[in-house]
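The values are calculated or read from the model by the stated rules, or taken from the named source; none is laboratory data. Keep in mind that what you see is a predicted model, and the values were worked out from it rather than measured. In this analysis, Cβ positions are derived from the backbone assuming ideal geometry, glycine residues included, and neighbour counts consider all displayed protein chains. Just the protein is used for accessible areas: all its heavy atoms, side chains included, with ligands, DNA and RNA removed. Shrake-Rupley method; radii C 1.70, N 1.55, O 1.52, S 1.80 Å.
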Number of protein chains: 2
Amino acid sequence: MARIVVKFGGTSVANVERIRQAARHIKREVEAGNEVAVVVSAMSGKTNELIGWVNEASALHDAREYDAVVASGEQVTAGLMAIALSQMGVQARSYAGWQVPIRTDDSHGAARIAEIDPTELDSRMKTGWVPVITGFQGISPHNRITTLGRGGSDTSAVAVAAAVGADRCDIYTDVDGVYTTDPRIVPRAQRMTKISFEEMLEMASLGAKVLMIRAVEMAMAHKVRLTVRSSFDDPDAPQIAPDGTPGVPGTLVCDEDEIMEKQIVSGVTLAKAEAKITLRGVKDKPGVAAAIFGRLADEGIVVDMIVQNVADDGATTDITFTVPDSEYDRAVKALEDNGGRFEYARLSGSKGGAKVSVVGVGMRSHAGVASSMFKALADKGINIQLITTSEIKTSVLIEEEYAELAVRSLHTYYGLDRRDA
Amino acid sequence: MARIVVKFGGTSVANVERIRQAARHIKREVEAGNEVAVVVSAMSGKTNELIGWVNEASALHDAREYDAVVASGEQVTAGLMAIALSQMGVQARSYAGWQVPIRTDDSHGAARIAEIDPTELDSRMKTGWVPVITGFQGISPHNRITTLGRGGSDTSAVAVAAAVGADRCDIYTDVDGVYTTDPRIVPRAQRMTKISFEEMLEMASLGAKVLMIRAVEMAMAHKVRLTVRSSFDDPDAPQIAPDGTPGVPGTLVCDEDEIMEKQIVSGVTLAKAEAKITLRGVKDKPGVAAAIFGRLADEGIVVDMIVQNVADDGATTDITFTVPDSEYDRAVKALEDNGGRFEYARLSGSKGGAKVSVVGVGMRSHAGVASSMFKALADKGINIQLITTSEIKTSVLIEEEYAELAVRSLHTYYGLDRRDA
C-alpha cells in the first residue's frame, strides 16, 4: 500500500468523458489498496476563455479579481471528478484551495504556496476517501483566492504530495513519459524509466515541455518522487514500466540515488529560433555585465546562453548571449539606447540559431563529455558558434539548418537509440 | 443619499459588453451619492452548461458536488463586474458567498439563508467601495458551498439588502417593470409605478414571472422595498418613474401603506394549460383531503386551484382541483391506484382550461368584486367552470379558447387600460 497524489492536466479532463477516463485510473489505484488524493486542472480551453473575458472587461484589471474569475475553472473540474468517482463507487469529495486550505502569499496571479494544512486531507485519506483538490490556486492571508500562474497545477500536486507525505506524485498528461530526445526528430528516441530531478530540470528548461520547472524544483526540494504518464492509456491495462518491468507506465523523476546505473548522457534537447548578439570591446570593469543584462531585464527580454571571453588587451572584453529570434530587434534597440549605462565598441548578431544540449548526471564523474560532443559534431561538418556548460549539461549554438542532424548524431553517438527500432 | 442593493440577472450579464452596461447603471447610482452593493447571477446559459456537465458525469450525483460546480458561474460574473467597475473609476471588489459570509443551512441545491454577517459589507460601503456579491449561493455549517435553487439570486439580493439595512433593492432584469396584465395579450396594459408585496405575491404565483415568489416573501417579511427595472435602459437617461414623476424607472414593490390610492383591482393574470379533475362521491370524513393531495404530492404533482363543495347528502362530497395539462395523465393514474387510501364514486376531468385572476388589495374593503367579475365574463358569453378566492384575489377557470378575450375584457372593465394607447 502506498499513498499517492495524482494530477490530471487540462487535456486529461477536457470533457466529461475524459474526466470519467481519468476517474478509472484513480479507481485502479484505490482498488490496489492505495490512499489517493487527486489534483485537477481546468478543462482545457476554459482558463483561456476566462482570461479572455477578464481582458475584455479591462486590459488593466485588479489581479485579485483576475484570480477570482480564473480559479473557477478548477472548481468545476473538481466537482465533476468527485461526482464521476462516486458514480464508480469510489468515495470522493471536492476541495477548493481555500477549503483545504492551501495558504499562499498574496502575489495574485503568480502566488507561491506558503503552507498546506494536511489535517483534513490526511484524515479523509486514512478513512478511504479520495479528496479531489483544485490545482493552480490557494487562499491569501487576506482571505482572497489566489492563482499560482500558468501550469501551477503541477506545483499544487507536488505541494500536496509533500504535505501529506505521499510516496509518489503521478502527473497524468497527454504524453506517456520523458524521452531521450524529441521522437519527432529521432524516431529511435527512447522513453526513460527513470530520470533524476537535476536532469529533469535541465531537460525541462531546455525545451522538453513535459513538466513545469517550478514543480520539479519543489519536488527536488521536498524529495517527492514524480511520475509522468499518459491519461490516455487504458486504465485497466497491466502496469508496466518503460523498461518492461512491472511498475508505473511512464517516467519516474526521482533522486539521483535511486538510479543505479547512471547514464553519462541521458538525453539530447533542442531549442530553435535562438538569436545571438555579440558586444565587442566592452569596458572590462565591475558591474558592466549587470548593467547590460539589467537593461534587457528592464525590457522583459529573457536571455538564455551567456558567454564572456577574457579580453586580449586586458582592458576590454567581448560578451555574447542569445535571446529568442522574436526578441532580437527589441534587444538590439535596448542595447543601443542604453543611456550611457555601459560602453562597447561594436554590436553584431544574427537570428536563426539552434541550441543543442546533452544532459546527464554521469557527466560529473566522466571527463571528456564536452570534447567528445564537439568531435561528434565536427565529424558531421557542423560548426559550433557558442558553448556553455553546467555541471550536468553541455550546450552548443549551431546554425538552425543543422539542428536535426546534430540531435540525431548525438543521440546515436551517446548510445541512446532504441535497439528494436 | 440612500443605501441601495442592486441585482443583475443572467441576461443582464450575458457577456462582457452587457456587464459593462450594467456597471454604468451602478456608476450612476454611486455618482448620485448612494452607497451601493451589487448581487450578480451567472452569465445566461452558463448555469445550464454546468448543470449539463454534472448530469453527464452522473445522473445520481452528490448535491454538494453539484453546488461546488454550479456556484462557479456567479464567481466569474462577480469578478468581471468588479473589474468593469474599477475600469470606470468605481472602487469595487468581488465576494463569493463564503467570503461575506452568507451562511445557509445544508440543504444543498435548495439551501435557505440562515444569516448574513453585514460587518465586512457595511464597512466597505461606508468607505465608498462597491461590494460585488455572488448571488444564488452561500456556505453551509460544514464549510461547503451551497446554492439556493434556481432564481435564488433574487433571494440573495433581498437578504443582503435586509442585512445591510438598505433603503431599496433594485432588481435589474430584461423587463422594465410589472404590468397590469400581459402586454402581448392586452396592448393597453400599463406599467405600474407601485404594487404592494401581497399583490406581487399573487401576481408572481399567478404567472407574471418577473420576480421569484421566495424573494418577494422575504422582502415582505423584512420590509425591503424592491424595484423591478430593465438593465437595457440607457444608464445615463433621466430617471423617470412610470407615472411620469422623477424616480426609479420601473415598478416599486412595497408595503401597502406606501400606496396612497389603492386600486380595487391592480392586475389581471392568466395561466393556460390547466387541467381540471373532479372526484365525485368522496367519503366526507376527516383526513380524506389530506389523503388525496398527499397521494399527488408523493408523485411530485403540484396542484393549483382546489374547490370542495358541501355534499348534498351529508355523507359524501365532491372535490375539484387543477393540475398542469402535462401532469393530467399521471395525476389520474395516481388517484386511481391509491392503494385504498381513500374512496370515491367517480373521477372525471379534462385538459385545456385557463385560469384568469384579478388581483388587488382594494378588494378587501370593496365588496362585490367577485360578482362584478362574473358578470363581466357572462356579458361576453364566457362560462365559468371553477371559482376560488383569497383575500385579495379572485380566480376563475374557463375554457382556454376564451382566455385572451376574458383577460382583455376584465382589464378594460376594471379601468386598467392605458388612456393614451
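Right, A:G89: at positive phi, open to solvent by 30 Å² or more (accessible area, probe 1.4 Å) and more than 8 Å from chain B (Cβ to nearest Cβ) or not?
For A:G89, the condition - at positive phi, open to solvent by 30 Å² or more (accessible area, probe 1.4 Å) and more than 8 Å from chain B (Cβ to nearest Cβ) - is met.
At pLDDT 90 or above, in contact with an Asp or Glu (Cβ under 7 Å, 6 or more places away or on another chain), outside any strand (DSSP E or B) and of a type outside the set (D, E, K, R): is that true of B:I171 in this structure?
No.
Go through segment A:332-354 and report how many residues are in contact (Cβ under 8 Å) with a residue 40 or more places away in the chain and either out of contact with any helix residue (DSSP H, G or I) (no Cβ under 9 Å at 6 or more places or on another chain) or over 10 Å from A:A275 (Cα atoms) (or both).
Looking only at that region, the number is 11.
Within segment A:286-336, work out how many residues are of a type in the set (D, E, K, R) and either under 25 Å from A:E202 (Cα atoms) or modelled with pLDDT of 90 or more (or both).
8
Scan segment A:295-305 and give yes if some residue there is assigned to a strand (DSSP E or B) and open to solvent by 20 Å² or more (accessible area, probe 1.4 Å), otherwise no.
no
Hey, among B:D62, B:D117, which residue is at the interface with chain A (Cβ under 8 Å from one of its Cβ atoms) and either touching a Lys or Arg at 6+ places or on another chain (Cβ under 7 Å) or farther than 17 Å from B:E35 by Cβ (or both)?
Exactly one of B:D62, B:D117 is at the interface with chain A (Cβ under 8 Å from one of its Cβ atoms) and either touching a Lys or Arg at 6+ places or on another chain (Cβ under 7 Å) or farther than 17 Å from B:E35 by Cβ (or both), namely B:D62.
Residue by residue through segment B:375-395, note down the ones that are touching a helix residue (DSSP H, G or I) at 6+ places or on another chain (Cβ under 7 Å) and outside any strand (DSSP E or B).
B:A376, B:L377, B:K380, B:I382, B:I384, B:E391, B:I392
Restricting the search to segment A:35-58, which residues are part of a loop (DSSP other than H, G, I, E, B), open to solvent by 30 Å² or more (accessible area, probe 1.4 Å) and on the phi < 0 side of the Ramachandran plot?
Within segment A:35-58, A:S44 is the sole residue that qualifies.
Quick check on B:V265: is it part of a loop (DSSP other than H, G, I, E, B) and crowded, with 21+ Cβ neighbours inside 10 Å?
yes
Pairs needed: first member in segment A:390-402, open to solvent by 10 Å² or more (accessible area, probe 1.4 Å); second member anywhere, assigned to a strand (DSSP E or B); C-beta distance under 6 Å; at least 6 residues apart or different chains.
A:K393/A:S357; A:K393/A:V359; A:E400/A:K272; A:E400/A:G352; A:E400/A:A354
Restricting the search to segment B:118-161, which residues are open to solvent by 50 Å² or more (accessible area, probe 1.4 Å), more than 21 Å from the chain's Cα centre (by Cα) and of a type outside the set (V, I, T)?
Selection gives B:E120, B:S123, B:R124, B:K126, B:W129, B:P141, B:H142, B:N143.
Among the residues of segment B:1-22, is any open to solvent by less than 10 Å² (accessible area, probe 1.4 Å) and either of a type in the set (F, W, Y) or closer than 21 Å to A:V16 by Cα (or both)?
Looking through segment B:1-22, at least one residue is open to solvent by less than 10 Å² (accessible area, probe 1.4 Å) and either of a type in the set (F, W, Y) or closer than 21 Å to A:V16 by Cα (or both).
Only one of these conditions is not met by A:R112: (1) surrounded by fewer than 21 Cβ atoms within 10 Å (Cβ to Cβ); (2) within 17 Å of A:N34 (Cα to Cα). Which number is it?
Tallying (1) surrounded by fewer than 21 Cβ atoms within 10 Å (Cβ to Cβ); (2) within 17 Å of A:N34 (Cα to Cα), A:R112 fails exactly one: (2).
If you go through segment A:396-420 one residue at a time, how many are in a loop (DSSP other than H, G, I, E, B) and among the acidic types (D, E)?
Adding up the residues that qualify gives 2.
Name the one entry in B:M81, B:M1 that is closer than 30 Å to A:A82 by Cβ and either at pLDDT below 95 or within 13 Å of another protein chain (Cβ to nearest Cβ) (or both).
It is B:M81.
Just one of B:V224, B:V175 is of a type in the set (A, V, I, L, M) and open to solvent by 30 Å² or more (accessible area, probe 1.4 Å); which is it?
B:V175 is the lone residue from the list that is of a type in the set (A, V, I, L, M) and open to solvent by 30 Å² or more (accessible area, probe 1.4 Å).
Which members of segment B:311-336 meet the condition of being on the phi < 0 side of the Ramachandran plot and over 34 Å from the mean Cα position of the chain (by Cα)?
Across segment B:311-336, the qualifying residues are B:A311, B:D312, B:D313, B:A315, B:T316, B:T317.
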